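Novice: Sharing a structure, written as C-alpha cells. Questions coming.
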Amino acid sequence: MNPIQSQFAVLLENVSCSFGLGIKTVKAVDNINLEIASGEFFSLLGPSGSGKTTCLRLIGGFERPSSGIISLFGTDASRMPPFLRELNTVFQDYALFPHMSVLENVGYALMVRGIAKSERDKRAHDMLEKVKLSGFAARRPAQLSGGQRQRVALARALVNRPRILLLDEPLGALDLKLREEMQIELKALQRELGITFIYVTHDQGEALSMSDRVAVFNHGKIEQMDAPKILYDSPKTEFVARFVGSANVLEGGLLGRSGLFALRPENIQVLSGQHKGLQGELIDIHFLGAQTRLEVRVGNERIAALQNGVSTLERGSSVTLDWQESSLRQLEARA
Ligand code: ATP
C-alpha cells in the first residue's frame, strides 16, 4: 500500500457484492471505487435498492465482497471480522436493551471490554452530556421519546471512541422537525469529536446539509461523488440532476442545440404572455409556503419553475420561460 492510500479511513477498490436468489444473482454493489478521508462526514445517497446499505455493511464487515479490496486506515480489511474493525454502527431501529437504564445501555460496550464500573459510568455520563441527555441516565428506553432514544443509540456507539461511525438512516423514524434538529446536532457532534461519519440516506436534503462529500448510488454503482455544492451546481448525469434537487432535464433540440441539459427550477423565471424565450402553457400551480412551484408545458415536455412568494399567474395562461445561459448544465449523453 502506498503512503497516499494509507491516509484514508476507508478505501474501496473495485468492490462488488452479489447475492444469490435461487437461480438469479443480484449485484447489490457493482465495481465501486471510493476513498473516505479520516474525519470526513461522508454520505451514501440513493433511492431504495441502489446498494447503499450493502456498501455500508461491507465497510462494517457484515458482508464480504465478492471481489475487490476494502482497506481501513491503510490495512486490508476485506476478510477482517466486524469486531476487529475500529468502527461502530447506529441503526435506524436504535436496538437498545429495554431492560437496561440509559446509563447501562451507553456503558455496555465498555462493560464487555472489562472496564471498571466507576470508569465506565464516568465515560457514559460524559457521552450523555455530549448528546444532551444528562438528566436521563436512570430512565429505561421505553420512558424516552424517539429522538431521545436515537441520542442514546448514538452515545452508545460513540462511548468506546471508534475511529469510524457507520449510520444507516438513523433519523428515518423521526418526524421532520426533529430530524432537522438532529441533523444540526449530528453535524456539530461529528465536528467536535473528529470521527469519520459514514451516513446512509435516501433524503437528498439530509445528505446535502450535513456532508463534506456525497456519493450518489444508482443500481449498485456510484454515479457521482462530490461536495454537496458541486453535486447540486454541476450534476454530471441525468440521474444525479433529477435525484439531487429535482432539476429539469431538457433535450437540446428544445433549446436549439445538441446534447442533454439540466436546469434547476429556481433558475427559471416565468413571465406572463409571449416574450423572447421558451413559450409554453402554465398547467399547474402549487403553493409551497415561501415558494410557489409552477408547471409549464412546452411541446411534449413538462418544465418546473420555482418562484419566491405567491404567483399572480393563472392556470391555463400562456407564459414564457427565461433563464441565464450560465444556469444550463450539460449532462452526459443518455446511454
Ligand atoms: P434501502 O434504502 O431500501 O435500504 P439500499 O440502497 O440500501 O436500499 P441495499 O439494501 O443495499 O439497497 O440493496 C441493494 C440490492 O441488493 C437490492 O436489490 C436488494 O434487494 C438486494 N439485497 C440486499 N441484501 C440482500 C440479501 N441479503 N440477499 C439478497 N438480496 C439482497
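The values are calculated or read from the model by the stated rules, or taken from the named source; none is laboratory data. Just so you know, these numbers come straight off a predicted model, no measurement behind them. Cβ coordinates were reconstructed from backbone atoms using ideal geometry, including for glycine residues, and neighbour counts include every protein chain displayed. To get the accessible areas, we keep the full protein, side chains included, count just its heavy atoms, and leave off ligands, DNA and RNA. Shrake-Rupley method; radii C 1.70, N 1.55, O 1.52, S 1.80 Å.
Novice: Any idea how many residues of region 280-301 are within 18 Å of LEU328 (Cβ to Cβ) and not hydrophobic (A, V, I, L, M, F, W, C)? I'd like the intermediate steps shown before the answer.
Specialist: Kept after step one, since they are within 18 Å of LEU328 (Cβ to Cβ), are these residues of region 280-301: 280, 296, 298-299, 301.
Subsequent filtering for residues that are not hydrophobic (A, V, I, L, M, F, W, C) retains 280, 299, 301.
Count: 3.
Novice: Given the criterion more than 27 Å from VAL131 (Cα to Cα) and either more than 16 Å from the ligand (Cβ to nearest atom) or surrounded by fewer than 22 Cβ atoms within 10 Å (Cβ to Cβ) (or both), identify the matching residue among ILE36, ILE23.
Specialist: The conditions single out ILE23.
Novice: If you don't mind, another one. Might you let me know whether region 94-107 holds any residue that is on the phi < 0 side of the Ramachandran plot, within 16 Å of the ligand (Cβ to nearest atom) and either among the hydroxyl-bearing types (Ser, Thr, Tyr) or in contact with a Leu (Cβ under 7 Å, 6 or more places away or on another chain) (or both)?
Specialist: No, region 94-107 has no match at all.
Novice: Residues in region 43-58 that are more than 6 Å from the ligand (Cβ to nearest atom), surrounded by fewer than 24 Cβ atoms within 10 Å (Cβ to Cβ) and under 20 Å from VAL240 (Cα atoms): how many?
Specialist: 1
Novice: Where the second residue is open to solvent by less than 50 Å² (accessible area, probe 1.4 Å) and the first is free of Cβ contacts under 8 Å to residues at least 12 places away in the same chain and lies in region 26-52, which pairs have Cβ atoms under 8 Å and are six or more apart or on separate chains?
Specialist: Sorted first by the residue in region 26-52, then by its partner, the pairs are VAL26/SER18.
Novice: Among the residues of region 151-159, are any closer than 30 Å to GLY51 by Cα and assigned to a loop (DSSP other than H, G, I, E, B)?
Specialist: yes
Novice: While we're looking at this one, here's another question. Within region 60-92, which residues are part of a loop (DSSP other than H, G, I, E, B) and either open to solvent by 30 Å² or more (accessible area, probe 1.4 Å) or without any contact (Cβ under 8 Å) to a residue 12 or more places away in the chain (or both)?
Specialist: PHE62, GLU63, ARG64, SER66, PHE73, ARG79, MET80, PRO81, GLU86, PHE91, GLN92
Novice: How many residues are more than 16 Å from the ligand (Cβ to nearest atom) and crowded, with 22+ Cβ neighbours inside 10 Å if we restrict to region 196-209?
Specialist: Residues meeting the conditions: 2.
Novice: Restrict the check to region 174-181 and report whether at least one residue is in a helix (DSSP H, G or I), basic (Lys, Arg), surrounded by 14 or more Cβ atoms within 10 Å (Cβ to Cβ) and modelled with pLDDT under 90.
Specialist: We begin by selecting, within region 174-181, every residue in a helix (DSSP H, G or I); these are 176-181.
Right, trim to basic (Lys, Arg) and you get 177, 179.
Now drop any that are not surrounded by 14 or more Cβ atoms within 10 Å (Cβ to Cβ), which leaves 179.
Subsequent filtering for residues that are modelled with pLDDT under 90 retains 179.
Looking for residues that are in a helix (DSSP H, G or I), basic (Lys, Arg), surrounded by 14 or more Cβ atoms within 10 Å (Cβ to Cβ) and modelled with pLDDT under 90, one finds at least one in region 174-181, hence yes.
Novice: Conditions: (1) away from the ligand (no atom under 16 Å from the Cβ); (2) modelled with pLDDT of 95 or more; (3) buried (at least 19 other Cβ atoms within 10 Å of the Cβ). ARG151 meets all but one. Number of the miss?
Specialist: The number of the failed condition is (2).
Novice: Can you spot a residue in region 119-130 that is at pLDDT below 95, surrounded by 15 or more Cβ atoms within 10 Å (Cβ to Cβ), within 16 Å of the ligand (Cβ to nearest atom) and not in a loop (DSSP other than H, G, I, E, B)?
Specialist: Within region 119-130 (the criterion being at pLDDT below 95, surrounded by 15 or more Cβ atoms within 10 Å (Cβ to Cβ), within 16 Å of the ligand (Cβ to nearest atom) and not in a loop (DSSP other than H, G, I, E, B)), the answer is no, since none of the residues qualifies.
Novice: Still on this model: Could you grab me the full set of residues in region 222-260 that are in a strand (DSSP E or B) and either open to solvent by 40 Å² or more (accessible area, probe 1.4 Å) or not hydrophobic (A, V, I, L, M, F, W, C) (or both)?
Specialist: Narrowing region 222-260 to residues in a strand (DSSP E or B): 222-226, 248-251, 260.
Correct list: ILE222, GLU223, GLN224, MET225, ASP226, ASN248, GLU251.
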